[in-house]
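Asks: Here it is: the structure, laid out below.
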Amino acid sequence: MKTLEERLLVLEDIEEIRKLKARYAAACDDNYDADAIAALFTEDAIWDGGSLGRADGRAAIHKFFSRAAEFFPFAIHNVMNPIIDVEGDRATAQWYLLQPATMAKGNQAVWLAAVYHDDYVRHDGRWMFKHLRVKSHFLTPYEEGWARKPFV
């Protein structure tokens, strides 16, 4: 059985990971602040958005997000229902995403629903993304909804 101190450390780690994910969402919603987003990832991290794109390494992640607002000029990342597991200096999490957004092409209002699968590492005393995966369930026009048109 873990000691009270070990159990407390896990809870503190989980809270730091929640804050990391919140900082990621806030930076995305701040016109995809590429500097702020990239700083949350390790040098060799992977951001894998499936059909939305993939970037390997912090520099590529920065480059990817420096252009994201050209495609999605507005987005509000609502991340919720986390399941976070911590094992020492490594952790994993699953988060749900429900995101109203605007696609630049056609000034199209859309809904995005997805699940994040994240891997984290503690690096120099702080939690960082090591691998972030996005599995989209739908990206649908606001007017039509996901029942009629699950993907744009």
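Asks: With every protein chain left in place and a probe of 1.4 Å, what is the accessible surface of residue 134, to the nearest 10 Å²?
Replies: Roll a 1.4 Å probe over it and residue 134 shows about 20 Å².
Asks: Ranked from the most accessible area to the least, with a 1.4 Å probe and all protein chains present, what is the order of 80, 128, 103, 1?
Replies: Working: 80 70, 128 5, 103 40, 1 220 Å².
Sorted descending by solvent-accessible area, the residues read 1, 80, 103, 128.
Asks: Using a 1.4 Å probe, what is the accessible area per residue for segment 1-112, in Å²?
Replies: That works out to 58 Å² for each residue.
Asks: Pop a pseudo-label 7 angstrom from the Cα along the beta-carbon direction at both residue 36 and residue 76 and give the gap in nm to one decimal.
Replies: Here the answer is 1.6 nm between the modelled labels.
Asks: Roughly how many percent of the accessible protein surface of segment 1-150 is carbon and sulfur, given a 1.4 Å probe and a whole-percent answer?
Replies: Its accessible area is 55 percent carbon and sulfur atoms.
Asks: Something else: Would you calculate the separation in nanometres between label points at residue 109 and residue 56, each defined as 7 Å from the Cα along the Cα-to-beta-carbon direction?
Replies: Each label point lies 7 Å from its Cα, and together they span 4.0 nm.
Asks: Please list 131, 117, 123 from largest to smallest accessible area, probe radius 1.4 Å, with all protein chains kept in place.
Replies: 123, 117, 131
Asks: Could you state how much accessible area residue 98 has, in square angstrom rounded to the nearest 10, with a 1.4 Å probe and all protein chains kept in place?
Replies: 70 Å²
Asks: So how much slack lies between residue 12 and residue 87, counting 0.36 nm per residue of separation and subtracting their Cα-Cα distance, in nm?
Replies: 25.7 nm is the gain from fully extending residue 12 to residue 87.
Asks: Which length gain, in nm to one decimal place, applies between residue 122 and residue 142 when the Cα-Cα distance is subtracted from 0.36 nm times their residue separation?
Replies: My answer for the length gained is 3.3 nm.
Asks: Could you go through segment 27-40 in sequence order and give the Karplus-derived ³J(HN,Hα) for each residue, using 6.51 cos²θ - 1.76 cosθ + 1.60 with θ = phi - 60°, rounded to whole Hz, and x for Gly and Pro?
Replies: 5, 4, 6, 9, 6, 6, 5, 4, 4, 5, 5, 4, 5, 8
Asks: For Cα pairs less than 8 Å apart in space and 6+ apart in sequence, what is the mean separation divided by the residue count of the chain, i.e. the relative contact order in percent?
Replies: Rounded, it is 19 percent for the chain.
Asks: Pop the C-beta distance of residue 26 and residue 149 into the FRET formula with R0 = 35 Å and round what comes out to the nearest 0.05.
Replies: 0.75
Asks: If you look for lysine pairs in the chain that are eight or more places apart or on different chains, how many of them have Cα atoms under 19 Å apart?
Replies: 6
The values are calculated or read from the model by the stated rules, or taken from the named source; none is laboratory data. None of the values given here were measured: they were computed from a predicted structure. In this analysis, Cβ positions are derived from the backbone assuming ideal geometry, glycine residues included, and neighbour counts consider all displayed protein chains. Each accessible area value is taken on the protein alone, full model and side chains, heavy atoms only, with ligands, DNA and RNA left out. Shrake-Rupley method; radii C 1.70, N 1.55, O 1.52, S 1.80 Å.
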